[in-house]
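Remarks on the structure that follows.
The values are calculated or read from the model by the stated rules, or taken from the named source; none is laboratory data. Because the structure is a prediction, the values reported are computed rather than measured. A quick note on method: Cβ atoms are made from the backbone with ideal geometry, for glycine too, and the neighbour counts reach across all protein chains shown.
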Amino acid sequence: MSRFGYIVSFVCCALVLGASVFTVCAEFPDAMIEPKWYATGVAFIFVGIVWAVVGMVRPSVVRFEQVWSGFEAACVVVCALQAVMYLMQTAGLIVSYGRFSAGSFDNVAGLASCLGISLPIGMRWLMDVRRSKRLAVMVCKALCVMAIVVSESRTGLMCIAVWALLELPCRRGQKVIGGVAAMALFIVLAVFVKTDSSIGRWFIAGRTMDLIAGSPWLGHGSGGFDARYMDVQADWLAANPGSRYAVLADNVRHPLNEWLLLAVDYGVLGVCVAIGAVVLTVAYARRHPSASSGTGLNVIACAGVFSLFSYPLLYPFTWLLLMMAVVVVFGHALSHHARALYVMLLIVLPVCGVGLCRNLELALELREVQGKAMLGLSERMMPRYERLYQKLKGDARFLYNYAVEQYEAGRYRPALNTARECGSLVSCYDLCLLEGDIRSALKDYGGADSCYNRAHWMVPSRFVPLYERFNVAIERGDTVSAHCLAGEILAKPVKVRSLETDEIIDDVGKRALGRADIMQGE
């Protein structure tokens, strides 16, 4: 293997993988995830074009074996650095990015998916003749395992069990026993560890199955879960007001299972296509085994298990690993069409780069406009929002923000229209509250009460919807409803105490008592 080709591959892969893991930028509306996608896209397009040009000129520098070895080394190093970063945050040696951040990810699920799915990569080097290389790999994998254990991610622990089962040199019967033991471990973790979280997961899965039943074969289309799930949850909780799930329900944007999400959006047909692709990959690897195809299959297996209990596909790092896992399995066939592949990359990647730059420009402009609007310049930002609307009217996040700023600028009727447009793309608690506020400002108290009531049943543990309904009842002069709502608020158990909750309870208590005194005096 050419050492120069290996070094070039390592540097290029480290650039792309590092961008997918470590990029964080406050200049984006989502500072933790969105920058990773843009940085990964830029790095991937740049590296892909460089590889294609070099491959056309000097094919020996970008041979498949060199690229895969460079990718393995880069992945092992990047994941070890991420593990060290998280362990240092946990020890208090460095500051976390936010309350729920873990390493450079938005929460523990992102960290665990990064470290857990990457565990099979680089394991073949444990058989290397050089002791230093074996030791380096063992240290890196130990750091990853330690970080997963410290994070207390149950899905991460399950991924470790699956990885160990796949890597152990044992017979098929022993692996079956190991698989049963791994499932038993998961059941124990699901039932006895973070019990409320597990109950909440099963509740989400149940409501997602209800949603799938509405269109089982072809699904609800792309974005179907976002557009419909919270309505299904609200309907179920409204029909079962005394359920123990009411206090656990929250604003849900993902079913915590990639396979269920696929079934919601694309139905049984979509799931069958995905399973068929996995079966085809495994069958090809069995017919054309190679030194690295086993690693690719193990990565796919870990990703598949993790996808059963979390959302790893939210992060670009997972997609990079799956892409390379497929490439390493079909590497022999792809190597026979290398030149055609390079030509395709040189055609497709520049076009993708233009689209990426356009989207990046829009994201940064939106962030700038949002920042100025938050400084009290909502009315002055309206012309810029109107220009952005022509390009982003299919983006639910933009429409929600646009409706908020229209409301803040006093443009209530346009704000209501924008909120309704957003509601066709996404169903969520915050949007219901916003529409309630807009209708209240328009003196449509009946519509406002309906929106607040909808938000209440979406997340029954929250105090804000009931408080807003109480305020609407006061505005309408409906003293009976106001009295009933005040009693419900004052008797409601507090799930998570906060300053906002304390202020609501205090305000309702004072106003309800004051009105009672007046009525008694009369």
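Of these, Asp226, Asp231, Asp196, which one is surrounded by fewer than 15 Cβ atoms within 10 Å (Cβ to Cβ), over 17 Å from Leu308 (Cα atoms), acidic (Asp, Glu) and out of contact with any helix residue (DSSP H, G or I) (no Cβ under 6 Å at 6 or more places or on another chain)? On inspection, the qualifying residue turns out to be Asp196. The residues listed here are Phe470, Phe463; of these, the one that is surrounded by 12 or more Cβ atoms within 10 Å (Cβ to Cβ), touching a Ser or Thr at 6+ places or on another chain (Cβ under 7 Å) and at pLDDT 90 or above is Phe463. When Cys451 is tested against (1) under 22 Å from Asn240 (Cα atoms); (2) surrounded by fewer than 17 Cβ atoms within 10 Å (Cβ to Cβ); (3) within 33 Å of the chain's Cα centre (by Cα), only condition (2) is not met.
Across the stretch 407-424, the number of residues qualifying as surrounded by fewer than 16 Cβ atoms within 10 Å (Cβ to Cβ) and of a type outside the set (D, E, K, R) comes to 3. Here is a check on your reading of the model: is Ala303 surrounded by 20 or more Cβ atoms within 10 Å (Cβ to Cβ), farther than 27 Å from Trp68 by Cβ, touching a helix residue (DSSP H, G or I) at 6+ places or on another chain (Cβ under 6 Å) and touching a residue at least 24 places away in the same chain (Cβ under 8 Å)? It is false that Ala303 is surrounded by 20 or more Cβ atoms within 10 Å (Cβ to Cβ), farther than 27 Å from Trp68 by Cβ, touching a helix residue (DSSP H, G or I) at 6+ places or on another chain (Cβ under 6 Å) and touching a residue at least 24 places away in the same chain (Cβ under 8 Å). Of all residues assigned to the stretch 475-483, none qualifies as being of a type in the set (A, V, I, L, M), assigned to a helix (DSSP H, G or I) and either within 28 Å of the chain's Cα centre (by Cα) or modelled with pLDDT of 95 or more (or both). Might you check whether a residue that is modelled with pLDDT of 95 or more and touching a strand residue (DSSP E or B) at 6+ places or on another chain (Cβ under 8 Å) occurs anywhere in the stretch 306-320? Within the stretch 306-320 (the criterion being modelled with pLDDT of 95 or more and touching a strand residue (DSSP E or B) at 6+ places or on another chain (Cβ under 8 Å)), the answer is yes, since at least one residue qualifies.
Yes or no: Lys495 in a loop (DSSP other than H, G, I, E, B), modelled with pLDDT of 90 or more and not β-branched (Val, Ile, Thr)? The answer is no for Lys495. Restricting attention to the stretch 32-54, which residues are farther than 17 Å from Phe317 by Cβ and touching an Asp or Glu at 6+ places or on another chain (Cβ under 9 Å)? Within the stretch 32-54, none qualify. Of the residues examined, Tyr86 is not one that is more than 20 Å from Leu115 (Cβ to Cβ), assigned to a helix (DSSP H, G or I) and at pLDDT 95 or above. Of all the listed residues (Leu157, Leu165), the sole one being under 20 Å from the mean Cα position of the chain (by Cα) and modelled with pLDDT under 95 is Leu157. In the stretch 375-390 there is at least one residue matching the filter, namely being in the same structural domain as Leu442 (by TED's automatic domain parsing), within 28 Å of the chain's Cα centre (by Cα) and buried (at least 17 other Cβ atoms within 10 Å of the Cβ). Restricting attention to the stretch 327-348, does a residue exist that is surrounded by 15 or more Cβ atoms within 10 Å (Cβ to Cβ), within 20 Å of Pro59 (Cα to Cα) and β-branched (Val, Ile, Thr)? So far as the stretch 327-348 goes, yes, one or more of its residues are surrounded by 15 or more Cβ atoms within 10 Å (Cβ to Cβ), within 20 Å of Pro59 (Cα to Cα) and β-branched (Val, Ile, Thr).
Scanning the stretch 438-447 for residues that are in a helix (DSSP H, G or I) and either surrounded by 20 or more Cβ atoms within 10 Å (Cβ to Cβ) or in contact with a Lys or Arg (Cβ under 9 Å, 6 or more places away or on another chain) (or both) returns Ile438, Arg439, Ser440, Tyr445, Gly446, Gly447. Taking the residues in the stretch 66-114 that are within 16 Å of the chain's Cα centre (by Cα) and among the hydrophobic types (A, V, I, L, M, F, W, C) as candidates, determine which candidate is surrounded by the fewest Cβ atoms within 10 Å (Cβ to Cβ). Looking at residues that are within 16 Å of the chain's Cα centre (by Cα) and among the hydrophobic types (A, V, I, L, M, F, W, C), I get Phe100.
Among the residues making up the stretch 56-65, those that are part of a helix (DSSP H, G or I) and either among the acidic types (Asp, Glu) or surrounded by fewer than 21 Cβ atoms within 10 Å (Cβ to Cβ) (or both) are Met56, Val57, Pro59, Ser60, Val61, Phe64, Glu65.
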